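Q: The following block contains the structure, expressed as structure tokens.
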Amino acid sequence: MRHGQRLIRKRQTMKTIIHDLGKEQSGRLLAAADQVVCADGRYAPCQGCFKCWTKHPAACEMRDALHQSCRVLGMADDLTIITENLYGGYSPAVKNLLDRSIGISTPLSTYRGGQMHHTLRYGKRRRLHVIVYGEISDAEMRTLTLMTERNAVNMGFREHSIAFCADAEAAGGMA
Amino acid sequence: MEKTVLVNCSPKKRLSVSGFLMKCAGVMLRGKKEYLHLRTPADRKAILHALTDAQKIVFVMPLYVDSVPSHVLPFMKEMENFCKENGLGLKVYVIANNGFIEGKQNEPLMQVMENFCARSGLTWCGGVGIGGGVMLNVERIMLAVLFARMLLNMLLSGVQGESILEPVRSFGISLLEVLLLACGIIAYTVRLALHINRGTDAGKRYTRIMLPSFIFILFADIFFTIISILQGGFFRGWFSRFQPDAHCGIISVKEE
């Protein structure tokens, strides 16, 4: 395993995992994916400047480790998100990474799923799978199910699915 | 006297739609009001402090990737603990806005806020989800420019001995057009403010800029094209499928 030292070449079908289980879990998760992104929550949040669309496409204005996160996510044909539940949404660390990756789309708009969305820089992709761990209520489950569906449309995935499990260890095993 | 805390959750320093909507809603509220901005972790303490003698809180926020912006989530967690520890039973209202035309796209965000209230022992009182919110920014800037133009034209008309009513009439028509486009947003914001004043449940309501979606999309495309050209020039890979650089540091990849 290497951490960001290699020029990533696009495989025929690229499977990517985003997780908030801690960096030490990345190695284990690599058995089930081509690339693994650990969302550790140590990055600045999106500033809403849209410069990843307008000024320097597909690159964030902030030159930290998430500077090109949209390019990494854009290459994923199959994207698995492993996240702790927080109020029926993603954990702050995972959400931070997704917010900083809107460069996977372009600034121009179109209709997708009967609603307005941005056109996709990397085209339609295969599958979004979300694995949620942690204590969760029925209402939060419904919200996460809706959010997975909305994210799939937004990010251009043809299929989507969601699974719930009790704890982080079980979530890592489900990837 | 009841106190309402209004929190602008936009990460933008200025000219945010959320900030504008917060002020619009705020002017209609009775009682004591406190306007605060949640941008950085340093802002959290002041907001929590303001909540200690408040009865209501209004979150005004943009929709980021179908939900609450990531910098707001740690604050919500902190607020949950703070409210539980201090036995605060606030009423929570939300005004959400998104760049797409459909206000309904704010639904997951609204549900997250409702779930947050359930976890924190707070009273969820609903709110408004606004589509095409970014256009409010364009409209208010346009109105300011048109108002300045009206004043200039009135001055010129006065100097030339012509009627100064014509520039006023022209501005009045523009104002009506803007109000018409925003009539849903105005109506639902007023309705929400009335509920906040009474402390009652407003339910969830969704509205939008009153334009057909295909025209809104056309405007949005023109807007971003102009901004792209102004910020960096023509065609710098607007649609290119960029690959990450070798030094991209966030990922772990398999050895070949």
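Read-outs throughout are calculated quantities, based only on the coordinates presented, and are distinct from any laboratory measurement. Not measured: the values here are computed from a predicted model. Here the Cβ is made from the backbone with ideal geometry for all residues, glycine too, and neighbour counts use every protein chain on show.
Q: How would A:137, B:228 line up from fewest to most surrounding beta-carbon atoms within 10 angstrom?
A: On the way: A:137 14, B:228 23.
Lowest to highest Cβ neighbour count: A:137, B:228.
Q: Considering only DSSP beta bridges whose two residues both sit in the range B:3-232, what percent are antiparallel, to the nearest 5?
A: Roughly 5 percent of the beta bridges in the range B:3-232 run antiparallel, per DSSP.
Q: How many nm is it between the label spots at residue B:210 and residue B:12, if each spot is 7 Å from the Cα in line with the beta carbon?
A: 2.4
Q: Here's something else I'd like to know. Within 10 Å of each candidate Cβ there may be at most 15 other Cβ atoms; applying that plus a DSSP loop requirement, which trypsin sites (Lys or Arg not before Pro) in the range B:1-60 survive? Please list the in-between numbers first.
A: Details: sites: B:3, B:12, B:13, B:14, B:23, B:30, B:32, B:33, B:39, B:44, B:45, B:56; in loops: B:12, B:13, B:14, B:30, B:39.
Loop-located and lightly packed - B:13, B:14, B:30.
Q: Follow-up question, since we're still on this one. About its Cα centre, how strong a charge dipole does chain A have in debye, to the nearest 20, once Lys and Arg get +1 and Asp and Glu get -1 at the Cβ?
A: Once rounded to the nearest 20, the dipole reads 1120 debye.
Q: If you restrict to DSSP beta bridges whose two residues both lie in the range A:15-173, what percentage is antiparallel, to the nearest 5?
A: Values: 6 of 30 bridges.
The answer is about 20 percent antiparallel.
Q: PRE reach from residue B:32 (point 7 Å along Cα→Cβ): which of the range B:54-74 fall under 16 Å by backbone N?
A: Answer for the range B:54-74: B:54-58.
Q: Right, something else. How big is the dipole moment of the range B:17-148 about its Cα centre under a simple scheme where the beta carbon of each Lys and Arg is +1, that of each Asp and Glu is -1, and everything else is neutral? Debye, nearest 20, please.
A: Value, rounded to 20: 360 debye.
Q: Quick check for me: using +1 on Lys/Arg Cβ and -1 on Asp/Glu Cβ, what's the dipole size of the protein assembly as shown about its Cα centre, in debye to the nearest 20?
A: Dipole size: approximately 720 debye.
Q: Can you tell me the FRET efficiency between residue B:145 and residue A:142 if r is taken as the Cβ-Cβ distance and R0 is 35 Å, rounded to the nearest 0.05?
A: Computed FRET efficiency for residue B:145 and residue A:142: 0.15.
Q: Among the listed pairs B:56/B:84; B:91/B:204; B:13/B:104; A:95/B:104; B:23/B:56, which are separated by more than 24 Å between their Cα atoms?
A: B:13/B:104
Q: What percent do you get for the relative contact order of the range A:12-143 when only Cα pairs under 8 Å and 6+ apart count? Mind showing how you got there, number by number?
A: Working: 230 pairs, mean separation 36.2, N = 132.
Once divided by the residue count of the range A:12-143, the mean separation gives 27 percent.
Q: For residue A:136, what charge total do you get from the other residues with a beta carbon under 13 Å from its beta carbon, if Lys and Arg give +1 and Asp and Glu give -1?
A: Result for the neighbourhood of residue A:136: -3.
Q: Using a 7 Å offset from Cα along Cα-Cβ at residue B:2, what residues in the range B:54-71 end up with backbone N under 15 Å from the label point?
A: B:54-59
Q: Need the full-extension length gain, residue A:12 to residue A:112, defined as separation in residues times 0.36 nm minus the C-alpha distance. One decimal, nm.
A: Using 0.36 nm per residue and subtracting the Cα-Cα distance, I get 33.5 nm.
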